[in-house]
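Student: The structure follows.
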Amino acid sequence: MADPSSYRPKPGQIPDSPGVYKFRDEHGRVIYVGKAKSLRARLSSYFQDITNLHQRTATMVTTAASVEWTVVSTEVEALQLEYSWIKEFDPRFNVKYRDDKSYPSLAVTMNEEFPRVQVMRGPKRRGVRYFGPYAHAWAIRETVDLLLRVFPVRTCSAGVFKRSAQIGRPCLLGYIGKCSAPCVGRISAEDHRELAEEFSDFMAGHTGTYLRRLEQRMKDAAAAMEYEQAARLRDDLEALRRAMEKNAVVLADATDADLIAVAEDELEAAVQIFHVRGGRVRGQRGWVTDKVEAVDTAGLVEHALQQLYGDESGDAEQSGGSGGVPKEVLVPALPEPAEPLVQWLSDRRGSQVSLRVPQRGDKKDLMATVQRNALQALALHKTKRASDLTTRSRALEEIAAALDLDTAPLRIECYDISHLQGDDVVASMVVFEDGLARKSEYRRFQIKSFAGQDDVRSMHEVISRRFRRYLQEKQRTSEWEEELPDGAEPVAATEPVDGAGPPNGAGPLNRAEPLDGAEEPAAAGGPIDPDTGRPRKFAYPPQLVVVDGGQPQVAAACKALEELGIDDVAVCGLAKRLEEVWLPGEDDPVILPRTSEGLYLLQRVRDEAHRFAIAYQRSKRSKSMKAGALDTVPGLGETRRQALLKHFGSLKRLRAATVEEICQVPGIGRHTAETVAAALASAAPAAPAVNTATGEIIEDSDGAPPAAVPSDHRGKST
């Protein structure tokens, strides 16, 4: 690991000009390329105290061994040079979008003597007009099949074309009228090229003029009593209309635009792009990337635009329908500054390009649709990654190796603390077995021994309570097995009871089953509850306990286990800010590789525990808010307050109830009912809370303003 100060440029050596810089490792390989409006300001930010840097940035500067830069005249030149170097060097620390699949396009090879219509993948070729990309190749073939009766352009390969020309007979498509058969001279090269250009114009969205011309020809043929010709033109019109219906109009003003949306989390990002030409969605594609460098949404948009249009030249119309740079590019966030990027796009198109964030109307609605597609793509990517058995196995093996465990942790429990400014302190326990969430095993805790923002003491209490219950269940199991009747043995269950137990190898899943019609033992116990047929709440120990936090939380968990005499459960902590894995008694964290499946699994476990804790904390806060107006009623305890709210459903309905109706609640006498009614009548409704960003009034079900937003144990809003 290199010390950044060893290759830091001398003061005043870096120019205060726009430029592009490269970080190289000890072997001379380029590991990061960036651009800057001011090279001096940007490069100086990399050589500050390493503890102040983002974790991924710190990893980059410690991996690098040298830095060099190139001064350019303008920010547009910097953008162009940055893209060229990223394509040339493929740096490991730059954002690299990878296609989640290979998207086919409809291509018309205008660079050949007899243009051919075909499905084409891969990089674009000069002289070929592209339409798409499409989600599926069969969608292209269906569209082409409908259009060939109107535009019988050649679709055969070079070999078939040459053979037909040699034998003097066309292929099957030539006989059935779906090819004009230029191979045997039925149509000249000039007429066939004109036919291919008409096909391309129709696909590019210039449909209205051609349809009107075709309809007029049909009417003229009918007027001349050429009914067979008119019928054929009628069928051609119907085929064209069916092809057009496959692309619904989404923008009424015949807009040519690309809409780009980004869905991201701390580790990955998914990009979805809709190509709209002539107001219709002509193509769609998507990318997924690992966020190797510290980058925000605007930065992801800039990288996406570079990759999308870096190899394009000319406008969308010349590139064919949905290719090229369109007149308008709609994005979720604008890079800062946006002017160099706009200029770069305009140069590649050859005319002015509008780059903006849609604010209202149909374009904003369509952008919301693209955003939903991006969210779904990211969720699907994570689901595929989590559901793959091989990937889960590799993740567990990586965790075992990183934490120096004897075996893979088939059962992992994670704990998180949540509170609202020290009030309503709660904790969550989530369980992952064989790399998958086991929601039936989730548990939640109220911290009752103290109040405040001491999540270290909270963690100690939760771990103590959970494993104290485990020891009690273990003792009960031992006593129960000793009391089994003669001839009865605990039978190992090969399947979870009612879908609620751990898989094989995850824990001691034993239950007593009657043999030959024998009754259940009187002293029922063991891991399985005889009343429900399900495992008892804390019957199984985990192989690994993960706590959300760093050294203090890990130390508290270890202390709790030591006090209970448990020494066969591994403990680690995952600090959210830098994604560091902390082990007991270690001064330095374990840093798992960014691409590690083990780190990805630990993050999913931690995030699920955080979500579960926040959900519980919010539900508790909501209940306490509803009962807040009853706190001042003398002689009314917590039990009767909850009974009143449960009976009437909300504080608003209780306030409108009569004394007689309140008396109907069990435990509420007339004197208490009169006191409650008087207290509610004298209490003025609280002023509504107002969202300062939108101006909207925020109310709960009884008209009272909501409480503050719950936070996690670091005090951040959630």
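The values are calculated or read from the model by the stated rules, or taken from the named source; none is laboratory data. What you see is a predicted model; the values in this text were computed from it and never measured. For neighbour counting, all protein chains shown are included, and Cβ atoms are generated from backbone atoms with ideal geometry for every residue, glycine included. Surface areas here come from the heavy atoms of the whole protein model, side chains and all, with no ligands, DNA or RNA. Shrake-Rupley method; radii C 1.70, N 1.55, O 1.52, S 1.80 Å.
Student: Taking the solvent-accessible surface of protein heavy atoms with a 1.4 Å probe, what is the per residue accessible area of the stretch 324-436 in Å²?
Tutor: Accessible area per residue: 45 Å².
Student: With all protein chains present, calculate the accessible area of Met367 using a 1.4 Å probe and round the result to the nearest 10 Å².
Tutor: Its heavy atoms expose roughly 20 Å² to the probe.
Student: Could you tell me the calculated FRET efficiency between Thr74 and Lys327, based on Cβ-Cβ distance and R0 = 30 angstrom, to the nearest 0.05?
Tutor: Approximately 0.80, to the nearest 0.05.
Student: Roughly how many nanometres apart are two label points built 7 Å out from the Cα toward the Cβ at Lys559 and Ala189?
Tutor: Here the answer is 8.8 nm between the modelled labels.
Student: Of Lys439/Lys576; Lys35/Lys87; Lys37/Lys576; Lys448/Lys620; Lys35/Lys363, which sit over 20 Å apart, Cα to Cα?
Tutor: Lys439/Lys576; Lys37/Lys576; Lys35/Lys363
Student: Can you give the FRET efficiency to the nearest 0.05 for Gln229 and Asn111, using r as the Cβ-Cβ distance and R₀ = 60 Å?
Tutor: Once the sixth-power term is evaluated, E becomes 0.95.
Student: Now, a different point. Give, in nm to one decimal, the length gained when the segment between Ser17 and Asp90 is fully stretched (0.36 nm per residue of separation minus the Cα-Cα distance).
Tutor: Fully extending the segment from Ser17 to Asp90 adds 23.8 nm.
Student: Next question. Report, by chain and number, residues whose modeled amide H sits under 5 Å from the one on Val547, excluding near sequence neighbours (fewer than 5 apart, same chain).
Tutor: Under 5 Å from the amide H of Val547 lie the amide H atoms of Tyr415, Cys572, Gly573, Leu574, each far enough along the sequence or on another chain.
Student: Rolling a 1.4 Å sphere over the protein heavy atoms, what is the accessible area per residue of the stretch 3-44, to the nearest Å²?
Tutor: That works out to 54 Å² per residue.
Student: Also: Using a basic spin-label model with each label point 7 Å from the Cα along Cα→Cβ, how many nm lie between Ser6 and Arg126?
Tutor: Result for the modelled spin labels: 4.6 nm.
Student: Can you give the FRET efficiency for Arg469 and Leu436, using 1/(1 + (r/R0)^6), R0 = 22 Å, r = Cβ-Cβ distance, to the nearest 0.05?
Tutor: Rounded to the nearest 0.05, the efficiency is 0.40.
Student: First select every other residue whose beta carbon is under 14 angstrom from the beta carbon of Ala408; then total the charges, Lys and Arg +1, Asp and Glu -1.
Tutor: For residues surrounding Ala408, the net value is -4.
Student: While we're looking at this one, here's another question. With only Lys, Arg, Asp and Glu charged, each at its Cβ (+1 for the first two, -1 for the last two), find how big the charge dipole of the stretch 57-98 is about the Cα centre; round to the nearest 20 debye.
Tutor: The dipole of the stretch 57-98 has a size of about 300 debye.
Student: Report ³J(HN,Hα) in whole Hz for each residue of the stretch 187-202, in order, from the Karplus equation J = 6.51 cos²θ - 1.76 cosθ + 1.60 where θ = phi - 60°; Gly and Pro get x.
Tutor: Taking θ as phi minus 60°, the curve returns 9, 6, 4, 5, 5, 5, 5, 4, 5, 5, 5, 5, 4, 5, 4, 5 Hz for the stretch 187-202.
Student: Taking 7 Å along the Cα-to-C-beta vector as the label spot, tell me the Arg169-Arg141 distance in nanometres, rounded to one decimal.
Tutor: 2.5
Student: Let me ask another. Report, by chain and number, residues whose modeled amide H sits under 5 Å from the one on Ile31, excluding near sequence neighbours (fewer than 5 apart, same chain).
Tutor: Phe23, Arg24, Asp25
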